[in-house]
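Structure first, then comments.
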Amino acid sequence: MNKYRTHNCNELRKDNDGDKVVLSGWINKKRDHGNLLFIDLRDNYGITQCIIDKENSNFEKLEKIQLETVIKIQGKVIKRSNDSINKEIKTGEIEVIIQNFEVLGECKELPLPVFSDQEYAEEIRLKYRFLDLRRKKIHENIILRSKVISFIRNEMIKHGFLEFQTPILTSSSPEGARDFLVPSRLNPGKFYALPQAPQQFKQLVMVSGFDKYFQIAPCFRDEDARADRSPGEFYQLDLEMSFVEQDDVFKVVETLFVNTFKEFSNKKLLFNKFPKISYKESMLKYGSDKPDLRNPLIINDITDIFLRKDVSFEIFKKLVKQGSNVRCIITKNTKDKPRSFFDNIDKWAKEQGASGLAYFTFEKDKDNLISAKGPVGKFFPEEALKEIMSKTDAKIGDSIFLACGKQIDLEKITSLARDKIAKDLQLIDNNTFAFCWIVDYPMFEKDEITKSIKFSHNPFSMPQGEIDKIDFKNPLEILAYQYDLVCNGIELSSGAIRNHIPSLMYKLFNIAGYSKLDVDQKFSGMINALSYGAPPHGGIAPGIDRIVMLLADEKNIREVTMFPMNQNAQDLMMNAPSNVSENQLKELNLLIKKK
RNA sequence: GGGGGUGUAGCUCAGUUGGUUAGAGCGAUCGCCUGUCACGCGAUAGGUCGAGGGUUCGAGUCCCUUCACUCCCGCCA
C-alpha cells in the first residue's frame, strides 16, 4: 500500500462507510467550531470533508495549521446524516473522521488566497503561478488544454498523420516576424534563430516523402503581446500533406474542428460545413478578414447613391468626388430606438478616430411615401431611398449608419461599428461557434509607405490559375491558394497550398524585389530541396492556445497557459530574462553595450 | 514607439469640495463556540496612499515627472 493515500480526495462514497482510509492533500478550508473542526482536504481530483473533535490529541495542532499546508490524514469514513449532505461536491455524502495526521509540506502565510473566486492582479498571480494554478477555474483550464491536445493528437494519428519533431535551433529568416536569436559558442559571431513556425521544415518533410505530417509545435516570435497573443512563444497544430488541393486540407481540418469542438464544448456549431468567403468579399461585407459570423450585420457599399443629383448630402458628395467611398450598415427594425442609441454610436465612432457615423431611419409617412427620419434624412428624397433599400435589402422601420472615407479607413471603422452596434443591440449569440474559411488572398500587396510590392502573406504560397498563364505584369491581381480559418472573429489559423516549383518561386520573389541570388542565399535549404523532385503539397497550422481559449470561454490567453510571461515578456516567477555572467558572455563572444 | 485604464493594509476594494488620528471585507494573531460546508461572535496587529518633485496654512485627493501592471494601435509572412 502506498504510504500517502489509499484514495484520492474525490473517490470516497457512502459505500465506503466504515472504511479506514489514508488521504493526502492541501488544506483548502477550515471551519473551526471550538470543540469541533472541519477540514476540506483538496487534491487534483476533488475535495473531501474531514472532521476532528476536541477529544482527539491532534485537535489543537490541526486547529492552528495554515491553509494550503499539505497533510496526510488517517481516519475512518462515515456516512453523513441526511441534513448535512453537501450536494455541491462528489464526496458530499460522507466525511472522514481524522484519527491521526502528519504534515507533509508546510505553508507560509499566503500572498494570495487559493480558496476564493475573487480576481487578482496579474502581477501577483504570475509571480505565484504555482498557487494561482491550484485555483479551480484555471486548474480546470489547464486540464482542458491537456485533454484537447491529446484528443487532437489521437485524431491526427487516426487520419494517418505522422508526428515528427523539427529543430528548435535553426536559422534566421528574412520574412515575417522578429526572430529570437541564440548566440553560437562554436561559431563566434553567428546566431541561431528560434523557429517562428516549422514552416520550411514541414515542407522539407514532404519533399522527404513522408506524405502526412503533424506536430504540436512551439513557435517563437519576438513581437508585442495582446490579450489573445502571448509574447514570445505559443503552440500550433502544424500539419502538412502531399498531393493535395485546397479542399483536401479543408476536409481534414473541418472534421478535426467539428469533432474537437463537439467533444469539449456544449455550444452550438453554426456551420458543420464551414462557409468559404473570399478575402475581397470579407473586406467589403465585414470590413475585416476575420469576421465574426455570429453577427448578422453586413456592410454595403453605396457610393453610387452620392452621385445622384437628387441627393443633397453635400459633405459626402464632395468627398466621393475626391475619391472616397460610402459604406453603410443596416439595423433591422430599429425605428423605435431612442435618439440616444444613435447618438451614442455616432459619439463612439468619433472616439475611434472616425468623423462619426451619419444615420437615419426608413419610414412611411401618412401619404404612404418613403421618407428618412434623422439628422441627415432630409438630404435623401424618396427615389434615392428606394435605391438604397434595394441595394441593401433595408425595409421600412430599419435604420442605416453611414460612413464616408478612403477604403482602408472605411474598412476599419465599419468593421468596428459592426461589432459595436451588434453588441449594443445584443445580436451576438454567445452560445455559438461560427467557423468560416477566408480564401483567395492576394499574393502581393502594396506597401503604403514605400509604395513597393511585397508578399501579403506567405511567400511560399502557390499562386492560383494555370502557371503558364499567370499575368506577372499585374502582380496585385494574382490570387494565392492561401487561406485562413476564423471562428467568432478570432483568426485561428493560416495555411496554404505551397509553391513547389523553383522557377515560379524565383519569378514571384523577383516581383517582391528579391534577386535569384537573394533567394538562393536566404532560402537555400528550401530552394535546393524543391529542385530534387518535390511533391505538390499544402497545409495549415491552427493555434492551439486560441482553440483552448474558445473552448474554455476565456478572453485572455494567459488563462489557458500554464506559465505565461507578462506583457513585457518577463517571467515573474522564474525571473526571466536575467543577467548572465561575464564568463558566459565571454564564451559566446558577446559584449553588452553600456548605455 | 504611441494612446487609454489602474496603482491605498498580505489579498479585494471604499475614501465626498483639498481639512481632525486613512476605513471595510477576507487573510494573520489571540479568545469564545460540537454540524459547518463563503460557519458564527469578540479583540489585536498590520499603511513610504507606487516613487520623486511642486502648489497650498494643509495633499491619498490638485499639477508636473517617473515607475509598474493591464487593454488597444503600430508590429505579429
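The values are calculated or read from the model by the stated rules, or taken from the named source; none is laboratory data. All values reported here derive from a predicted model rather than from experimental measurement. Positions of Cβ are backbone-derived with ideal geometry, glycine not excepted, and every protein chain shown enters the neighbour counts. These area figures cover heavy atoms from the full protein model, side chains too; ligands, DNA and RNA do not enter into them. Shrake-Rupley method; radii C 1.70, N 1.55, O 1.52, S 1.80 Å.
Any residue in the stretch A:423-435 that is under 30 Å from the mean Cα position of the chain (by Cα), at negative phi, within 16 Å of RNA strand B (Cβ to nearest atom) and not β-branched (V, I, T)?
Looking through the stretch A:423-435, at least one residue is under 30 Å from the mean Cα position of the chain (by Cα), at negative phi, within 16 Å of RNA strand B (Cβ to nearest atom) and not β-branched (V, I, T).
How many residues, within the stretch A:552-578, are hydroxyl-bearing (S, T, Y) and either at pLDDT 95 or above or within 9 Å of RNA strand B (Cβ to nearest atom) (or both)?
Total satisfying the criteria: 1.
Based on what the data block shows, is A:L104 open to solvent by 20 Å² or more (accessible area, probe 1.4 Å), among the hydrophobic types (A, V, I, L, M, F, W, C) and away from RNA strand B (no atom under 12 Å from the Cβ)?
Against the criterion (open to solvent by 20 Å² or more (accessible area, probe 1.4 Å), among the hydrophobic types (A, V, I, L, M, F, W, C) and away from RNA strand B (no atom under 12 Å from the Cβ)), A:L104 qualifies.
Report yes if A:Q99 is open to solvent by 80 Å² or more (accessible area, probe 1.4 Å), touching a Gly at 6+ places or on another chain (Cβ under 6 Å) and more than 26 Å from A:F261 (Cβ to Cβ), otherwise no.
Against the criterion (open to solvent by 80 Å² or more (accessible area, probe 1.4 Å), touching a Gly at 6+ places or on another chain (Cβ under 6 Å) and more than 26 Å from A:F261 (Cβ to Cβ)), A:Q99 qualifies.
Only one of (1) of a type in the set (D, E, K, R); (2) touching a Phe, Trp or Tyr at 6+ places or on another chain (Cβ under 9 Å); (3) modelled with pLDDT of 90 or more fails for A:K454. Which number is that?
So A:K454 meets the others, but not (3).
If A:G287 passes every condition in (1) under 29 Å from the mean Cα position of the chain (by Cα); (2) open to solvent by 20 Å² or more (accessible area, probe 1.4 Å) but one, which one does it miss?
Unmet condition: (2).
Evaluate the following for A:M549: is it aliphatic (A, V, I, L, M), open to solvent by 40 Å² or more (accessible area, probe 1.4 Å) and at pLDDT 95 or above? Outline the logic, then answer.
On the way: aliphatic (A, V, I, L, M): yes; open to solvent by 40 Å² or more (accessible area, probe 1.4 Å): no; at pLDDT 95 or above: yes.
Criteria not met by A:M549.
Is one or more of the residues making up the stretch A:571-591 under 30 Å from A:Q464 (Cβ atoms) and among the β-branched types (V, I, T)?
Checked against the condition, which is being under 30 Å from A:Q464 (Cβ atoms) and among the β-branched types (V, I, T), the stretch A:571-591 yields no hits at all.
Out of the strands (runs of 3 or more DSSP E) lying entirely within the stretch A:361-474, which hold 1 or more residues that are buried (at least 20 other Cβ atoms within 10 Å of the Cβ) and not hydrophobic (A, V, I, L, M, F, W, C)?
Counting at least 1 such residues, we get A:399-405.
So that you can scan it fast, the table gives a plain yes or no per residue for (1) near RNA strand B (Cβ under 9 Å from one of its atoms); (2) farther than 16 Å from A:G495 by Cβ:
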site: A:I168; (1), (2): no, yes
site: A:Y192; (1), (2): no, yes
site: A:Q199; (1), (2): yes, no
site: A:Q203; (1), (2): no, no
site: A:S230; (1), (2): no, yes
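Looking for something modelled with pLDDT under 95, touching a helix residue (DSSP H, G or I) at 6+ places or on another chain (Cβ under 6 Å), outside any strand (DSSP E or B) and within 14 Å of RNA strand B (Cβ to nearest atom) - is there at least one such residue anywhere in the stretch A:173-180?
So far as the stretch A:173-180 goes, yes, one or more of its residues are modelled with pLDDT under 95, touching a helix residue (DSSP H, G or I) at 6+ places or on another chain (Cβ under 6 Å), outside any strand (DSSP E or B) and within 14 Å of RNA strand B (Cβ to nearest atom).
From the set of residues in the stretch A:290-307 that are part of a loop (DSSP other than H, G, I, E, B) and open to solvent by less than 60 Å² (accessible area, probe 1.4 Å), which is nearest to A:K391 (Cα to Cα)?
A:I302
Report yes if some residue within the stretch A:184-191 is of a type in the set (A, V, I, L, M, F, W, C) and open to solvent by less than 70 Å² (accessible area, probe 1.4 Å); otherwise report no.
No, that holds for no residue.
So that you can scan it fast, the table gives a plain yes or no per residue for (1) β-branched (V, I, T); (2) out of contact with any Cys (no Cβ under 6 Å at 6 or more places or on another chain); (3) under 30 Å from A:S524 (Cβ atoms):
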site	(1), (2), (3)
A:I124	yes, yes, no
A:R153	no, yes, no
A:L169	no, yes, yes
A:F180	no, yes, yes
A:G189	no, yes, yes
A:A197	no, no, yes
A:C219	no, yes, yes
A:A225	no, yes, no
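Can you work out which of the residues in the stretch A:130-170 that are of a type in the set (S, T, Y) and crowded, with 16+ Cβ neighbours inside 10 Å is nearest to A:F444 (Cα to Cα)? Step through it out loud before you land on a result.
Residues of the stretch A:130-170 that are of a type in the set (S, T, Y), as a first pass: A:146, A:150, A:166, A:170.
Still in the list and also crowded, with 16+ Cβ neighbours inside 10 Å: A:166, A:170.
Working: A:T166: 29, A:T170: 27 Å.
Out of the qualifying residues, it is A:T170.
Assess whether A:K136 counts as being closer than 19 Å to A:N8 by Cβ, more than 11 Å from RNA strand B (Cβ to nearest atom), modelled with pLDDT under 95 and of a type outside the set (D, E).
Yes: the conditions hold for A:K136.
Name the one entry in A:K108, A:K136, A:K90 that is out of contact with any helix residue (DSSP H, G or I) (no Cβ under 9 Å at 6 or more places or on another chain) and more than 19 Å from A:D43 (Cβ to Cβ). Walk me through how you get there before you give the answer.
On the way: A:K136 fails: more than 19 Å from A:D43 (Cβ to Cβ); A:K90 fails: more than 19 Å from A:D43 (Cβ to Cβ).
Just one listed residue meets the conditions, A:K108.
Does A:D43 satisfy the criteria of being within 36 Å of the chain's Cα centre (by Cα) and at pLDDT 95 or above?
yes
Which of (1) of a type outside the set (S, T, Y); (2) touching a Phe, Trp or Tyr at 6+ places or on another chain (Cβ under 6 Å); (3) over 30 Å from A:S456 (Cα atoms) does A:V320 not meet, given it meets every other one?
Failed condition: (3).
Given the conditions (1) open to solvent by less than 20 Å² (accessible area, probe 1.4 Å); (2) away from RNA strand B (no atom under 16 Å from the Cβ); (3) in a loop (DSSP other than H, G, I, E, B), which single one is not true for A:F271?
Just one mismatch for A:F271, condition (1).
Cβ contacts < 6 Å: first residue part of a helix (DSSP H, G or I), restricted to the stretch A:236-263; second residue modelled with pLDDT under 95 and surrounded by fewer than 21 Cβ atoms within 10 Å (Cβ to Cβ), any location; separation 6+ or different chain. Result?
A:V258/A:N272
What do you reckon, is A:A417 more than 16 Å from RNA strand B (Cβ to nearest atom), at negative phi and touching a helix residue (DSSP H, G or I) at 6+ places or on another chain (Cβ under 7 Å)?
Numbers: more than 16 Å from RNA strand B (Cβ to nearest atom): no; at negative phi: yes; touching a helix residue (DSSP H, G or I) at 6+ places or on another chain (Cβ under 7 Å): yes.
Judged against the criteria, A:A417 is not a match.
Condition first: modelled with pLDDT of 95 or more, near RNA strand B (Cβ under 10 Å from one of its atoms) and open to solvent by 60 Å² or more (accessible area, probe 1.4 Å). Now tell me which residues in the stretch A:56-80 satisfy that.
Within the stretch A:56-80, A:K79 is the sole residue that qualifies.
Quick one: in the stretch A:25-55, of everything that is surrounded by 14 or more Cβ atoms within 10 Å (Cβ to Cβ) and near RNA strand B (Cβ under 6 Å from one of its atoms), which residue is farthest from A:L12 (Cα to Cα)?
Only one residue tops the list, namely A:K29.
Scan the stretch A:534-548 and give yes if some residue there is basic (K, R), within 28 Å of A:T260 (Cα to Cα) and within 33 Å of the chain's Cα centre (by Cα), otherwise no.
yes
Could you list, ordered by first residue, the pairs with Cβ atoms under 8 Å in which the first is in the stretch A:411-438 and farther than 15 Å from A:Y286 by Cα and among the aromatic types (F, W, Y) and the second is at pLDDT 90 or above and away from RNA strand B (no atom under 16 Å from the Cβ), at least 6 apart or interchain?
A:F433/A:F261; A:F433/A:S265; A:F433/A:K267; A:F433/A:K268; A:F433/A:L269; A:F433/A:L270; A:F433/A:C487
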